[in-house]
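The block underneath contains the structure these notes are about, expressed in structure tokens.
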Amino acid sequence: MTAPRLELRLDVVGHNTRSLVGRLGERGIQVTAVTKSTLGSPAVAATFLEAGAAGLADSRVSNIRSLRSGGVRAPMTLLRSPMPSEVDDVVALCDVSCNTELVVLALLSAAAVAAGVEHGVLLMVELGDLREGIMPDDVVAVARGVCELPGLTLAGLGTNLACRSGVVPDETNMATLSELAVRVEAATGTAVRTVSGGNSANLGWALGTPRPGRITELRLGEALLLGKDPLERRAVPGLRTDAVTLIGEVIESGTKPSMPWGDRAQTAFGEHVEVADRGAVVQTIVALGRQDTDPSDLEAPEGVEIVASSSDHLVTRTTERLEPGTEMVFRPGYSALLRAMTSPTVAAVLR
Ligand SMILES: *Cc1c(COP(=O)(O)O)cnc(C)c1O
């Protein structure tokens, strides 16, 4: 088979999804499965849905279009606030979108009316991580605004933590979200059906809390694919971490000094590298680089150490010479997975 390639085991993704759907379900929390790190793969989406995910979500309209043209009919949420230039596609392809801006909501409303559809709105609330979100004091006013716009239905409230600043989902910020749902219901007279607590970083809270409060769903991507909690990148108990591997091919291997010689300035990526002299080492080059993935986010196999990377070369140290053509199997983290999936130079193989 060709290299480099990203192999994704659908049976393992199915196991992880079933496990979390079951455990969160006992606490009244549904799983909305996030497809963005697979670039909107219809096969992965089908696996999520068969395993019990209540719906799908993605941050990009282009990925959602891939899902829809792949025959996926499930409820679909756009995770990122729509760009004003794409509102027509958003109402055509998505049931719900996450929103924070009344000007964008007005455009969505016009697009929904023109298309003759009702579009659901999940208002995102800022709870401290400082990425997207309406400040808590303004949420009721924006919710009232949504209720006055034709073609739009208030679907619920959501928040996103951890991604930008590493803010941890906890009893305090989740209670604030629950309280806001109650306040919005009182102010608008509409039921807030969905309260979307967050992403994979919420699992520690959601699986442990004695008080899930009003939280009805989590939007999960990384945990379903990689089996890890993004807060500390530790395996989530009960989940498997072997769904995704990135495979590269050895193109040079042999004994070389560990110390470069000649005058030294910047590397290809503007770095000045410090090198420790370790004498002669077995240096093995894999045909994999920064154009294919994020080499700093790869876990190497036993006995292999990643020492450097450039656009197309991954320099490793191995215990012995490896014959060119030997395949080396790496475990990607979220950043390496995202870039490998997005790179046209890496084949994606679903098994
Ligand atoms: C990407 C994203 C998610 C999913 O995050 P994971 O860490 O992969 O679970 C959830 N919500 C929003 C708004 C996102 O952008």
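The values are calculated or read from the model by the stated rules, or taken from the named source; none is laboratory data. Remember, predicted model here, so these are calculated numbers, not experimental data. Glycine also receives a Cβ, built like all others from the backbone with ideal geometry; neighbour counts cover every protein chain displayed. Ligands, DNA and RNA are excluded from the accessible area calculation, which covers all protein heavy atoms including side chains. Shrake-Rupley method; radii C 1.70, N 1.55, O 1.52, S 1.80 Å.
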Given (1) touching a residue at least 60 places away in the same chain (Cβ under 8 Å); (2) out of contact with any Phe, Trp or Tyr (no Cβ under 6 Å at 6 or more places or on another chain); (3) not in a helix (DSSP H, G or I), number of the condition Ala43 does not satisfy: (3)
Qualifying positions in segment 1-36 - within 16 Å of the ligand (Cβ to nearest atom), part of a helix (DSSP H, G or I), surrounded by fewer than 23 Cβ atoms within 10 Å (Cβ to Cβ) and of a type outside the set (A, V, I, L, M, F, W, C): Ser19, Arg23, Lys36
Val195 vs. criteria β-branched (Val, Ile, Thr), within 16 Å of the ligand (Cβ to nearest atom) and in contact with a strand residue (DSSP E or B) (Cβ under 7 Å, 6 or more places away or on another chain): yes
Residues of segment 105-133 classified as within 16 Å of the ligand (Cβ to nearest atom), open to solvent by 10 Å² or more (accessible area, probe 1.4 Å) and of a type in the set (A, V, I, L, M, F, W, C), total: 2
Test: residue in segment 203-224 that is touching a Leu at 6+ places or on another chain (Cβ under 8 Å), within 15 Å of the ligand (Cβ to nearest atom) and closer than 30 Å to Met1 by Cα: yes
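Of the residues Glu222, Glu232, Glu217, only one is within 24 Å of Val13 (Cα to Cα) and modelled with pLDDT under 95; which?
On the way: Glu222 fails: modelled with pLDDT under 95; Glu217 fails: modelled with pLDDT under 95.
Residue meeting the stated conditions: Glu232.
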Matching residues in segment 63-80 - criterion: being within 15 Å of the ligand (Cβ to nearest atom) and open to solvent by 40 Å² or more (accessible area, probe 1.4 Å): Arg80
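Are any residues in segment 303-334 aliphatic (A, V, I, L, M) and under 13 Å from Pro4 (Cβ atoms), and if so, which ones?
Taking segment 303-334 first, the residues aliphatic (A, V, I, L, M) are 304, 306-308, 314-315, 322, 328-329.
Leu314, Met328, Val329 - these are the residues of segment 303-334 that are aliphatic (A, V, I, L, M) and under 13 Å from Pro4 (Cβ atoms).
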Qualifying residue in segment 76-93 (condition: farther than 30 Å from Arg23 by Cα and among the basic types (Lys, Arg)): no
Counted residues, segment 292-336 - those being more than 16 Å from the ligand (Cβ to nearest atom) and either of a type in the set (Val, Ile, Thr) or surrounded by 14 or more Cβ atoms within 10 Å (Cβ to Cβ) (or both): 28
